[in-house]
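The values are calculated or read from the model by the stated rules, or taken from the named source; none is laboratory data. Model, not experiment: these values are computed from the prediction. Because the Cβ atoms are built from the backbone with ideal geometry, glycine has one as well, and the counts that use them run over all protein chains shown. For the accessible areas, the whole protein counts, side chains as well, though only heavy atoms, and no ligand, DNA or RNA atoms are used. Shrake-Rupley method; radii C 1.70, N 1.55, O 1.52, S 1.80 Å.
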Amino acid sequence: MLRIFIPLILVAFTACSSPSKKDQTSIARKIITAGGTITEVVDALGFSEEIIATDITSTFPASMQGLPSIGYRNQIKAEGILALGPDLVLIEEGYLSPDVVTQLKAAQVNIQVFAKPTTVVGTKKLVTELANFFEDEEKGLEVNAIIDADIAALKSYLETDKSKPKAIFVMARGPETVFIAGNKTFAAEMFELAEIEGTATGFDEFAPMTPESLVSMNPEYLVFFESGIQSVGGKDGLVTIQGIDQTTAFKENHIVSLDGQYLSGFGPRVGKAALDLAKAVRQ
């Protein structure tokens with residue numbers, strides 16, 4: 001009996017005292033993320049505590065804003081990243097300059113590059129890729145199931161309201177720097193998800209807004225980033241944008257603003273963002 005009991009105790013002690021491979025990795029790994037959507041997915045998968053620094057676009061979860069910042073796109077330097085001593089850098093494709101990527105590779109930093117999603121399908125693909133990289137496929141399935149549930153909730157809401165409001169997305173960086181989103185932008189994809197008719201047609205990307213074009217489009221709703229509204233001095237400052245006061249949207253106070261990363265990031269919250277947008281233009 002004693003011969004059996006002692007080995008069992010040793011096995012139990014070994015199992016309790018030896019951390020799993022995943023625990024050992026979590027303790028040792030120091031991650032830097034470059035791209036708000038990648039940061040959101042890493043958080044959703046349960047690995048955000050390993051992030052030691054991130055970029056300016058990584059505003060969610062809020063705890064990321066308290067970490068050291070590596071900057072924004074072309075402002076990011078390899079020296080700033082290397083000084084933080086990361087074990088792993090997760091990069092949104094095209095976010096860092098090629099020179100910075102080359103320098104990081106030369107310093108033998110483990111770099112993993114992922115495409116930024118622009119559709120719900122792309123969002124789920126990114127979740128799967130990162131889950132596989134972290135060797136937690138089950139958690140990836142859980143996150144994607146939540147995304148599916150959010151999209152189902154969106155469709156259920158849209159079944160209750162068959163209207164199709166007309167809107168445009170306005171990218172504002174001050175009253176003199178205003179652009180309208182075209183057919184091949186995140187806004188067009190979000191409008192399609194929320195069943196909104198975009199009145200900005202005939203161009204693909206972002207085009208400078210003119211008073212004439214704005215009046216001719218005459219949207220029922222104007223959609224902004226919250227930062228865009230702030231850049232013109234809040235809703236009261238919108239009158240400084242020429243032509244805006246002649247639109248139905250402005251006259252009826254149909255001004256919608258949402259957080260930029262939330263609306264455009266196509267992260268795990270994409271279904272929730274589309275639902276919020278759909279509701280905002282159907283008040």
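Scanning the range 215-259 for residues that are in contact (Cβ under 8 Å) with a residue 40 or more places away in the chain, open to solvent by less than 60 Å² (accessible area, probe 1.4 Å) and assigned to a helix (DSSP H, G or I) gives M217, G228, I229, S231, G237, A249. Tallying residues that are of a type outside the set (A, V, I, L, M) and either assigned to a strand (DSSP E or B) or at pLDDT below 90 (or both) within the range 203-214 yields 2. Within the range 131-169, being in contact with a strand residue (DSSP E or B) (Cβ under 9 Å, 6 or more places away or on another chain) and in contact (Cβ under 8 Å) with a residue 24 or more places away in the chain holds for K164, P165, K166, A167, I168, F169.
Applying a threshold of 7 Å to beta carbon distances and a minimum spacing of six or more residues, or different chains, the list of pairs starting in the range 187-201 at a residue that is surrounded by fewer than 22 Cβ atoms within 10 Å (Cβ to Cβ) and ending at one that is modelled with pLDDT of 95 or more and charged (D, E, K, R) reads E195/K164; E197/K164; E197/K166; T199/K166.
Does at least one position in the range 150-173 carry a residue that is open to solvent by 60 Å² or more (accessible area, probe 1.4 Å) and aromatic (F, W, Y)? No: the range 150-173 contains no residue that is open to solvent by 60 Å² or more (accessible area, probe 1.4 Å) and aromatic (F, W, Y).
Per-residue answers, yes or no, for (1) β-branched (V, I, T); (2) over 28 Å from K272 (Cα atoms); (3) at pLDDT 95 or above:
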{"site": "P19", "(1), (2), (3)": "no, yes, no"}
{"site": "K30", "(1), (2), (3)": "no, yes, yes"}
{"site": "G35", "(1), (2), (3)": "no, no, yes"}
{"site": "L45", "(1), (2), (3)": "no, no, yes"}
{"site": "T54", "(1), (2), (3)": "yes, no, yes"}
{"site": "P61", "(1), (2), (3)": "no, no, yes"}
{"site": "Y72", "(1), (2), (3)": "no, no, yes"}
{"site": "K77", "(1), (2), (3)": "no, yes, yes"}
{"site": "E92", "(1), (2), (3)": "no, no, yes"}
